[in-house]
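Enquirer: Dropping the structure in here first, questions after.
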Amino acid sequence: MISLDRLGIFIAIVDTGSLTAAAAVLGQSKAVVSFNLKQLEAELGVSLLTRSTRSLALTDVGRRFYEDCQRVLGEAHGAIETARQGHQGLRGTLRITTTVEYGSRTVVPALIAFAAANPQLQIQHSSSSSHEDLISGRYDVAIRMGSLNDSSYRASLVEHYAIWPVASPAFLASRPGRDIATLDELQQARWLAHSRLPSPLRWDVQTPTGPAVFAAQEEAVMQSDSASALLGFALGGCGVALLPDWQVAGEVRAGRLRRLLPEVVFPQQGVYAVYPNTQHIPEKVRAFIDFLRAFVVNRQARAVDAVPASCHHRLTLTTPAIHRPCAHRIT
């Protein structure tokens, strides 16, 4: 009988790219990791990896086995977690990773309330601009923005948001024509862009006269994997950035940024809870996703209540989608 622990060690080796890195992630010695890999290959009677002095590579059999191991191990852990929880409430550890910006704005406040409602559940939260791998990082759920094309994950929509092109008054004042009043002028602007987006930027947009294509004429002059950094560049007068409305609305109201061409609507974006595509979804994952979605809806409702009745027609609430297999690309 092949142990699940050995399957986990094999997955860690492949995900990290070396025995040494896998040992560090797993908190074991390199000798133990190497021994378990050799034992796994001996039990299977096949070679899973080819080894050189500098690298490891999957064999054809190893590649198929790796994919099967991810599915089997995820389902096994989910089944074990569900069985342990039973009717005793949420227990164990919820490991979650988010972007820095959305994490501090929404997920952390939601986790505070969720932890208070589930005192026997431990929370481990990580915030990063990079996309951590859920399997090798041992995360239960990731909160990501954009769309997803990795079929090995599932996703549930948390909320929608708009993206606005913004620039500082100082940057606009430095331009020969000063203001940016047309889509063509916006395309020729000095752009700041997220490093996960293709450059030059290209989007299908909606204008007052109908659909159009926005295509930046030049490569982005500054790029970052952090929305906070792009906001800082924009505030510093470095160029035009395309950022979430919830991140820049306050800066626009304060006059530190200008929203450019508000009549041009860029595609609506989504916040997704992403989790491994396994048969058994741990109850703690289901419970937190449902809690986060309700938290967001309640916050939106409170925002509507805080606005005078005459302004209610300007605000809309979004209805999150149900849990479903993922067919989107997260950016």
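Read-outs: derived from the displayed coordinates by stated rules, not from any lab. Please read all numbers here as calculations on a predicted model, not as lab measurements. Neighbour counts run over all protein chains shown; Cβ positions are idealised from the backbone, glycine included.
Enquirer: Could you tell me the relative contact order of region 163-259? Use alpha-carbon pairs under 8 Å, at least six residues apart, and round to a whole percent.
Expert: 42 percent
Enquirer: With a Förster radius of 41 Å, plug the Cβ-Cβ distance of Ile112 and Arg256 into 1/(1 + (r/R0)^6) and report the FRET value to the nearest 0.05.
Expert: 0.90
Enquirer: Taking H placed 1.01 Å from N in the peptide plane, check which residues at least 5 places from Trp164 or on another chain put their amide H under 5 Å from its amide H.
Expert: HN-HN under 5 Å from Trp164: Leu243, Asp245.
Enquirer: Still on this structure, please answer the following. Quote the FRET efficiency, to the nearest 0.05, computed for Asp245 versus Ala21 with a Förster distance R0 of 56 Å and r equal to the Cβ-Cβ distance.
Expert: 0.90
Enquirer: For Asp140, which sequence-distant residues (separation of 5 or more, or a different chain) have an amide H within less than 5 Å of its own amide H, given hydrogens modelled in the peptide plane?
Expert: Long-range HN contacts for Asp140: Arg95, Ile96.
Enquirer: Which FRET efficiency value, to the nearest 0.05, do you get for Arg91 and Ser3 by plugging their Cβ-Cβ distance into 1/(1 + (r/R0)^6) with R0 = 25 Å?
Expert: Calculated value: 0.60.
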